[in-house]
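Heads up, the thing below is written out as structure tokens.
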Amino acid sequence: MHWLRSIEATAPTYPAVWLVATPQRPRNLTERSTLRRETARAILARQLGRPAAEIAIAHDSAGRPLLATARETDLQISLATRADVVAIALAQAPVGVDVERVDPAGVIPREALHRDEWRMLEESEPSLRALAFARLWAAKEAYVKALGTGFVRPPESFAILLISPERFRVHDPLRGMADGALVTIENGGQEILAAAAIVLDGA
């Protein structure tokens, strides 16, 4: 997995994820969607060597984004926005990406977690629990995006294991195991974000 931080960066191979900080702070779902699509088109234009006007992003019936440009139909895309960061993932198989803010004062929703996840969080160092939960939830979001279900698939129906600060594993009784990648974004000490991405073969 290539992690890139600039809108002008190009990936040598796939899968790749761009985590781009922008000066914008979208206030609602419409603004977030517009920011994601504009950022994605700029990245894709550079990555594919095409004019931005030729880059078309559509959605399937479940709302999953699709790269609709005819010559790149083998590429799959996933989008996310959190705070001022836009995440764009590209792969040659179903892919999901998500970004979550670390909130030390946040309440962890036990009912939305698999029992193994809750146990893992309870056993974690209290000072690191908010970061662990942000990584866990970003991984869950990325996984259901790659599946194409969103949280129509109940989040407690599968478990995320945080293997390291850079890797996670999904234990899904319906699909078996799959591994994904993690990265932590620190914004000058003011805010910490956790990003996760996963590619599913044969999804």
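Considering only region 117-166, state which residues are under 20 Å from residue 80 (Cα atoms), among the hydroxyl-bearing types (Ser, Thr, Tyr) and either open to solvent by less than 40 Å² (accessible area, probe 1.4 Å) or part of a helix (DSSP H, G or I) (or both). Hit for region 117-166 is 143, nothing else.
Among the listed residues 159, 139, 181, 134, identify the single one that is closer than 19 Å to residue 93 by Cβ and in contact with a Leu (Cβ under 9 Å, 6 or more places away or on another chain). Every option except 139 fails the conditions. Contact map, region 178-203: residues that are closer than 14 Å to residue 20 by Cα paired with residues that are at pLDDT below 90 and among the polar types (S, T, N, Q), Cβ distance under 9 Å, separation 6+ or inter-chain. Pairs shown: 193/187. Give region 87-97 a look and list any residue that's surrounded by fewer than 20 Cβ atoms within 10 Å (Cβ to Cβ) and touching a helix residue (DSSP H, G or I) at 6+ places or on another chain (Cβ under 8 Å), or say none. Passing the criteria: only 94. Residues considered: 103, 84. Of these, the only one that is open to solvent by 10 Å² or more (accessible area, probe 1.4 Å) and under 18 Å from residue 7 (Cα atoms) is 84.
Filtered by the rule that a residue be open to solvent by less than 70 Å² (accessible area, probe 1.4 Å), more than 17 Å from the chain's Cα centre (by Cα) and free of Cβ contacts under 8 Å to residues at least 40 places away in the same chain, region 58-72 gives 58, 68, 69, 72.
The values are calculated or read from the model by the stated rules, or taken from the named source; none is laboratory data. These numbers come from a predicted model, not from an experiment. When we count neighbours, we look across all protein chains shown, and the Cβ atoms used for this are built from the backbone with ideal geometry, even at glycine. All accessible areas refer to the heavy atoms of the entire protein, side chains included, with ligands and DNA or RNA removed. Shrake-Rupley method; radii C 1.70, N 1.55, O 1.52, S 1.80 Å.
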